[in-house]
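The values are calculated or read from the model by the stated rules, or taken from the named source; none is laboratory data. The structure presented is a predicted model; accordingly, all values stated were derived computationally and were not measured. All Cβ positions, even for glycine, are placed from backbone atoms using ideal geometry, and neighbour counts span all protein chains on display. Heavy atoms of the whole protein, side chains included, go into the accessibility calculation; ligands, DNA and RNA do not. Shrake-Rupley method; radii C 1.70, N 1.55, O 1.52, S 1.80 Å.
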Amino acid sequence: MGFYKFLLSRAITFVLVVFIGITTVFFVPRFLPSDPVEAMIGRMTSKSAFMEPGAVESMRKTLNESFGLQGTIVQQYFGFIKRVVFTHDFGPSLANYPTPVNELIGRALPWTMGLLLISTLISWLIGNAIGLLSGFRKEKAYSKVLEAISIALYPIPYYIFALILIMLFAYIIPIFPLSANFMGKGFSWEHIKSLLVNSALPALSIILVGTGWWVISMKTLSSGIAEEDYVHFARLKGLKERKIMTKYVLPNAALPQVTMLALQLGSIFNGALITEYLFGYPGIGTLIFGAILQSDYNLIMGTITISIIAVAGATFIIDFLYPFLDPRVRYK
């Protein structure tokens, strides 16, 4: 019975989070001062010959229908909810008309997932390993040095790292390209090589900052757990320090880190907006950046809606996995 109550409460929370998020995503772009249809008509008329006012008005009506911008804002809202929930269709992109938003997201998502999934996992593994060592043996000199480096790295925004890396390895020592340029296709060596070369700097900028955060959080957790009575008791029993660290401290300190990792994995659907833009990486971040600049309502709503569902879904899943990771937690 407790499990079903837990399941129902989490399901309701998931639906509410997604509903509120989608509603917010729908209304916020409409507060922007620019009108995407008028901007599109302006671009089209500036590149073509003179158009009759009647033809312009007909085009305006057609575009408003195509983009779901016809009627009152309430009618637009229910039309949007209906399309998203029942057909999963975000309509055509205003900036890349007539390409559907789903197709643009489908093209960009694998790039972002490849970059952020690998970067996040690497930074999580390195950061937690260093943090565990620093927290468990906090009196050692190397622990203090590692902590100082992490504290220095963490507050620096990742895009500052990106700019530093560009200056160092694209200008001063030009061993990496300034902007992404992928060669070849599929699993050919040419494509894999260009993928590794073009992804190295964006990944490194994300890993450095991410590692700093994981070191700090893991060190705080493990240093507190290392002072618990059961850890002192293990020492009195004569257990080796390595065994105490891996069998007593690590399992308890890792649980909150697993939760945070799940949330970060859900947020990778946001893309690394500024990093992707700086390196010309063709991911979701670059897509969102272009959509905001061009007031592309459909593309903004499509990318952010997927991100909201991914983060809420990750939280939903981790809630169910937690009792398996920590036997002290029960479904209540």
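Just a few scattered comments:
- Furthest towards positive pole of dipole, 162, 244, 178, structure part the chain, Cβ charges: 244
- Accessible-area ranking of 88, 232, 191, largest first, probe 1.4 Å: 88, 232, 191
- Span from the the stretch 187-264 Cα centroid across to the the stretch 1-31 one, whole angstrom: 31 Å
- Top of 93, 150, 188 by mean-square fluctuation, Gaussian network on the chain, Cα under 10 Å: 188
- Gaussian network model of the chain, Cα within-10 Å springs - most flexible of 320, 80, 233: 233
- Accessible area of residue 144 in the full protein assembly, 1.4 Å probe (Å², nearest 10): 110 Å²
- Using a probe radius of 1.4 angstrom, the carbon and sulfur fraction of the accessible surface of the chain is 71%.
- Using the 1.4 Å probe convention, the accessible area of the stretch 44-144 works out to 57 Å² per residue with neighbouring protein chains retained.
- Surface accessible to a 1.4 Å probe, residue 85 within the full protein complex, Å²: 80 Å²
- For the stretch 200-270, the solvent-accessible area works out to 47 Å² per residue, with a probe of 1.4 Å and every protein chain left in place.
- Span-like helix ranges in the chain, DSSP H, alpha carbon extent 24 angstrom or more, Kyte mean at least 0.5: 2-27, 101-136, 189-225, 250-267, 297-325
- Of the residues 236, 168, 115, ranked by 1.4 Å probe accessible area with the largest first, the sequence reads 236, 168, 115.
- Equivalent-ellipsoid semi-axes for the chain (Cα gyration tensor, √(5λ), whole Å, largest first): 46, 28, 15.
- Mean ellipticity per residue at 222 nm, deg cm²/dmol - from DSSP H runs of n ≥ 4 across the chain, formula -39500 (n - 2.57): -23500 deg cm²/dmol
- Rolling a 1.4 Å probe over the protein heavy atoms leaves residue 9 with an accessible area of roughly 40 Å².
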